[in-house]
Amino acid sequence: MPATILDGTKIANDIRGEVAAEVAAMAAAGVRPGLAVVLVGHNPASEIYVRGKVKACEEVGVYSEKHTPSEAATTSELLRLVEDLNRRDEIDGILVQLPLPAHVDSKTVLMAVDPAKDVDGFHPVNVGFLSTQRPGLVPCTPAGVMEILKRSNIAIAGQEAVVIGRSDIVGKPVAMLLTNANATVTVCHSKTHDLPGVCRRADILVAAIGRAGMITREFVKPGATVIDVGMNKVSDLPEFQRLFAGNAKREETFRARGSTLVGDVHPEVAEVAGAITPVPGGVGPLTIAMLMFNTVKAAKMRRGSNVPEFAGK
Ligand code: NDP
């Protein structure tokens, strides 16, 4: 039986609707959550991401402002900008779009963001809150992975979960969230021995690697839930055909555009998995939805309100 497709676009839209309702309720109390986005220089991919984030703010009713220092901005200039945003009460969230230019000390800039406004959840204070199960701001993509599992009624407690990837942005926080939700978690990386064998233990397999279609059917226990975080651009025809042989519709789009977006999981896995997230339309849409959620959460926490750890249910 083919896997159930977990529709990330629908789940993200549900969350955005819930956030919009929350923003409307806050407006009635005279509060409007605000997000400041800092985009340094002219990285085309970053410009697209930032446009999506600003548009999402407009849709849910969050105030937003965009700061665009030039490519030549120095670390101290960026620190001054962040400190100014830290001081402004109407700004609840500060997002410094990565990557920063090579001459900038990214870690210092990110460390300067007030943890209470750190809507990306990257500040060590928020990492510490997550690891000790205290309320804080959780990184958006990992929080989105949990929302997909919860809203799809996938059991987590007591299940074997395997996370491939140990980055600070995705792998580690996903592993932490699954641990906090009482899964039995194994974290894999490039030095893991017998990766397919370890992955086959998983009831929940999360791939956050950055390698197109690396996870083939031999990595997956029949019936497992597979969450594909990977976003890889494939523009090489033989590589495309390794992944999508026989998919005439997708090949037509590939030939027209010259590339396609591919996850870390090979499409053949849909034949063995119980449930799977597609790429595109799986984890991707959750990232911006959870950024909106985090901005509202920051606005509430800064004003002393309790908020649930997740957007819904
Ligand atoms: P990183 O490059 O920071 O981390 C990749 C991880 O995968 C590392 O831990 C690395 O191991 C591991 N890895 C690499 N090759 C192998 C291998 N052959 N076998 C086992 N493990 C391996 O990437 P990110 O965590 O930032 O991103 C991962 C993917 O998720 C990317 O495709 C990225 O584009 C995507 N992404 C998607 C988002 C979304 O919104 N959907 C948001 C953020 C990321 P080691 O530590 O040993 O080097």
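Values quoted throughout were computed directly from the atomic coordinates according to the rules given, and no laboratory measurement underlies them. Every value quoted in this text rests on a predicted model; they were computed, and no experiment measured them. We place every Cβ from the backbone using ideal geometry, glycine too, and count neighbours over all the protein chains shown.
The ellipsoid that matches the Cα gyration tensor of the stretch 239-289 has semi-axes, each √(5λ) in whole angstrom, of 20, 16, 8, with the longest given first. Seen from Asp92, the other residues with C-beta closer than 11 Å to its C-beta sum to a net charge of +3, counting Lys and Arg as +1 and Asp and Glu as -1.
Database remark: amide H of Glu160 closer than 5 angstrom to the amide H of Thr184, Asp203, Ile204 (H placed geometrically; neighbours at sequence offset of 5 or more, or on other chains; Pro and chain starts carry no H).
Compared with the dominant Cα axis of the chain, that is its longest principal axis, helix 171-180 is turned about 90°. Taking the Cα atoms of the stretch 29-115, the ratio Rg/Rh between the radius of gyration and the Kirkwood radius comes to 0.97. Other residues within the sphere of radius under 14 Å centred on the Cβ of Asp203, judged by their own Cβ, net out at +2 (K and R +1, D and E -1). Quick one: P(r) of the chain from all Cα-Cα pairs, 20 Å bins, percents rounded to integers, in order of increasing distance. For the chain, the pair-distance distribution reads 32, 57, 11. Computed on the chain, with alpha-carbon pairs under 8 angstrom and 6+ residues apart, the relative contact order is 23 percent. Relative to the longest principal axis of the Cα atoms of the chain, the long axis of helix 284-302 makes an angle of roughly 30 degrees. Taking θ as phi - 60° and the Karplus parameters 6.51, -1.76 and 1.60, the scalar couplings of the stretch 187-201 work out to 10, 10, 7, 5, 9, 5, 7, 6, 3, x, x, 5, 5, 5, 6 Hz in sequence order, x denoting glycine and proline. Shown here: the stretch 140-285, whose C-alpha atoms stretch 45, 30, 27 Å along the first, second and third principal axes, sorted largest to smallest.
Applied to the stretch 52-66, the Karplus parametrisation 6.51 cos²θ - 1.76 cosθ + 1.60 on θ = phi - 60° returns per-residue 3J(HN,Hα) values of x, 5, 5, 5, 4, 4, 4, 5, 9, x, 7, 5, 9, 9, 10 Hz, with x for Gly and Pro. For the cross-link pairs Lys117/Lys172; Lys66/Lys117; Lys10/Lys150, the ones whose C-alpha atoms lie over 18 Å apart are Lys117/Lys172. Working note: 222 nm ellipticity from helices only, DSSP H runs with n ≥ 4, each -39,500 (n - 2.57), summed and divided by the residues of the chain, gives -13000 deg cm²/dmol to the nearest 500.
Rounded to the nearest 5, the antiparallel percentage of DSSP beta bridges internal to the stretch 140-285 is 15%. Under the combined filter of DSSP loop state and at most 13 neighbouring Cβ atoms within 10 Å, the stretch 11-113 retains these GluC sites (Glu not before Pro): Glu71, Glu90. Whole-Hz Karplus values for the stretch 234-242 come out as 10, 10, 9, 4, x, 5, 4, 5, 4 Hz, taken residue by residue from phi with 6.51 cos²θ - 1.76 cosθ + 1.60 and θ = phi - 60°; glycine and proline positions read x. Using only C-alpha atoms and all pairs of different ones, pull out the Kirkwood radius for the stretch 1-151 in Å with one decimal. Value: 16.9 Å, from the Cα pair sum.
Annotation: amide H of Ile215 within the under-5 Å range of Val265, His266, sequence separation 5 or more or interchain, hydrogens built in the peptide plane. What you get for the chain, charging only the Cβ of Lys and Arg (+1) and of Asp and Glu (-1), is a dipole of about 300 debye around the Cα centre. Compared with the dominant principal axis of the Cα atoms in the chain, helix 140-151 is inclined by about 60°.
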